[in-house]
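See below for the structure under consideration.
Values quoted throughout were computed directly from the atomic coordinates according to the rules given, and no laboratory measurement underlies them. Values in this document were obtained by computation on a predicted structure and should not be read as measured data. Cβ placement follows ideal geometry from the backbone for every residue including glycine, while neighbour counts extend to all protein chains displayed.
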Amino acid sequence: MTNPAVIRNEGGHTRRIGDRGLKVVEQMASQGCSETSIAKTLRIATSTFREIKKRQPEVMEALERGYSKMEDALVSRLFCTAMGESKGAVTAAIFLLKARRGYEGTKTPAHITINDNRQQTIQLPSKLDMEEYRRRYLPEASDA
């Protein structure tokens, strides 16, 4: 094989993922496969895959690209369902709002600011002495 998915270094102990392997990682991630499934397909242990991922940033980038493709496809499908008139449209719309926009039902999402510019005027009474106060607000006290 001229372009193996997993390449052993000279000592044979350290491995890295080659170009072919990176394509496999991205494709499997785009289909929602777990890291364990990806490692099995590459014929390496999951722990080895995680070690390679730490050492080789392009593996993490391939994973992220793949998972992003999967997420975009799911959101697109969910959006089409939410905008449709099927039974699941309302549920799909609510889920999409919760997952992507932070919607929490009765609460206003953190990214939305409400400014209604209402003005209210409160009129306070002028200063009254105790006798005037009693006459106005305590009529029974002034009758005594």
Full-extension gain in nm, ASN3 to GLU64, via 0.36 nm per residue minus C-alpha separation: 19.7 nm
Per-residue ³J(HN,Hα) for region 67-75, Karplus 6.51 cos²θ - 1.76 cosθ + 1.60, θ = phi - 60°, Hz, x for Gly and Pro: 5, 5, 4, 4, 4, 4, 5, 5, 5
Charge tally in the Cβ shell below 11 Å around CYS33, where Lys, Arg are +1 and Asp, Glu are -1, CYS33 excluded: -1
FRET efficiency, ALA45 to GLU85 (Cβ-Cβ, R0 41 Å, nearest 0.05): 0.25
Amide H partners (placed H, <5 Å) of ILE7, local residues excluded: ARG16, ILE17, GLY18
Calculated from backbone phi, Karplus (6.51, -1.76, 1.60) coupling profile of region 35-40 in Hz, x at Gly/Pro: 5, 5, 5, 5, 4, 4
Cβ-derived FRET efficiency at R0 35 Å, ARG20 paired with VAL75, nearest 0.05: 0.75
About the Cα centre, charge dipole magnitude for region 6-101 (Lys/Arg +1, Asp/Glu -1 at Cβ), debye: 200 debye
